[in-house]
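See below for the structure under consideration.
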Amino acid sequence: MEHIAHAERTKKKPDYHDHTRAELLTFFPQTPRALLDVGCGAGGTAAAAKERWPACRTVGVELDAEAAERARARLDRVLEVNAETLDLFAEGEREIDAVLLADVLEHLVDPWSFLRRLRAMVRPGAAIVASIPNVANLWLLEEIAAGRFTYTGGGLLDVTHLRFFTRATIGTLFTESGYTIERWSRITDGRVDDLTRRRILGIMLPEYFFGRVAGRRVRVRGVDPEGYQDLRTIQFVVVARAPG
């Protein structure tokens, strides 16, 4: 029975491959001529890119056969391959100048090697937009403090995540792979605000006070304003540039 309950908690959501991240397209610093969407799912985000930039060629990479078939009706081309063995040159794709990595790197066995190989396959100066979960999120630290690290069908503890990153290790991942990070952005987690919100004698206390942030179980000291925002972050968005 315990095995069945775990399977129910961790099975993928019905719309797992349909999730569209059109908001990530706004992070590209210029209009792409050829966009590579790695882990494109059913193609919703790349299809939104096609609507936003009609002249842009959209190429998806998707290992799930059913999702890839659906994406083919929406994109210019879909490569049904494992991202970690992707060879754009062998596929005849030599003009990629923009890459979307929406919730992808944490699923890879070796994201470091993948980024280094990708750098050699895209146009010089290509823009990379990546969204990556933040394992140093205060809600997750609270879960760990309670002895819980429960995998689910999506989110921070998606059962298919193989790698876990903080802001610092994301920075190292890109810079050591040969990219320049041009911009950081955050997607915040409302659960963290709920954890840190409290009243004393009817007075609402600030969530961040004299360098300290307190949850229910976890108290973090020596926190600067940026570190406080990092604790509130469920996902970082990185804009990086391939060497050019």
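The values are calculated or read from the model by the stated rules, or taken from the named source; none is laboratory data. Computed from a prediction, not measured in an experiment: that's the story for all the values here. Using ideal geometry, Cβ is built from the backbone for each residue, glycine included, and neighbour counts are taken over all protein chains shown.
Output the residues belonging to segment 56-83 that are without any contact (Cβ under 8 Å) to a residue 40 or more places away in the chain, closer than 16 Å to residue 20 by Cα and hydrophobic (A, V, I, L, M, F, W, C).
Correct list: 59, 61, 68, 71, 73, 75.
Looking only at segment 124-158, count every residue that is in contact with a Lys or Arg (Cβ under 8 Å, 6 or more places away or on another chain), under 30 Å from residue 88 (Cβ atoms) and modelled with pLDDT of 95 or more and tell me the total.
Selection size over segment 124-158: 6.
Pull out all pairs, ordered by first then second residue, where Cβ-Cβ is under 6 Å, the residues are six or more apart or on different chains, the first lies in segment 43-55 and is within 14 Å of residue 99 (Cα to Cα) and buried (at least 20 other Cβ atoms within 10 Å of the Cβ), and the second is β-branched (Val, Ile, Thr) and modelled with pLDDT under 95.
Short answer, once both residue conditions are applied: 45/20.
Among the residues of segment 20-42, write down those that are surrounded by fewer than 19 Cβ atoms within 10 Å (Cβ to Cβ) and touching a residue at least 40 places away in the same chain (Cβ under 8 Å).
Within segment 20-42, 21, 27, 29, 30, 33 qualify.
Among residues belonging to segment 177-192 that are farther than 15 Å from residue 239 by Cα and out of contact with any Lys or Arg (no Cβ under 8 Å at 6 or more places or on another chain), point out the one that is surrounded by the fewest Cβ atoms within 10 Å (Cβ to Cβ). Let's see the steps before the verdict.
First, pick out the residues of segment 177-192 that are farther than 15 Å from residue 239 by Cα: 188-192.
Then keep just the ones that are out of contact with any Lys or Arg (no Cβ under 8 Å at 6 or more places or on another chain); that gives 190-191.
On the way: 190: 10, 191: 17.
Residue satisfying both the conditions and the ranking: 190.
Restrict the check to segment 133-142 and report whether at least one residue is farther than 22 Å from residue 173 by Cβ, among the charged types (D, E, K, R) and assigned to a helix (DSSP H, G or I).
So far as segment 133-142 goes, yes, one or more of its residues are farther than 22 Å from residue 173 by Cβ, among the charged types (D, E, K, R) and assigned to a helix (DSSP H, G or I).
Here's the yes/no breakdown for (1) outside any strand (DSSP E or B); (2) at pLDDT 95 or above; (3) closer than 30 Å to residue 119 by Cβ:
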residue: 174; (1), (2), (3): yes, yes, yes
residue: 186; (1), (2), (3): no, yes, yes
residue: 191; (1), (2), (3): yes, no, no
residue: 206; (1), (2), (3): yes, no, no
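Residue by residue through segment 67-110, note down the ones that are in a loop (DSSP other than H, G, I, E, B) and surrounded by 16 or more Cβ atoms within 10 Å (Cβ to Cβ).
Scanning segment 67-110 gives 74, 75, 86, 88, 93, 96, 97, 103, 104, 108.
Can you run down the residue pairs with Cβ atoms below 8 Å, 6 or more apart or on separate chains, where the first is in segment 84-99 and farther than 23 Å from residue 31 by Cβ and the partner is loosely packed, with under 14 Cβ neighbours inside 10 Å and not charged (D, E, K, R)?
Here the result reads 84/109; 84/113, each pair linking segment 84-99 to a residue that is loosely packed, with under 14 Cβ neighbours inside 10 Å and not charged (D, E, K, R).
Do we have residue 120 as in a helix (DSSP H, G or I), among the aliphatic types (A, V, I, L, M) and crowded, with 19+ Cβ neighbours inside 10 Å here?
no
Of all residues in segment 123-157 being closer than 23 Å to residue 30 by Cβ and more than 15 Å from the chain's Cα centre (by Cα), which is surrounded by the most Cβ atoms within 10 Å (Cβ to Cβ)?
Result: 126.
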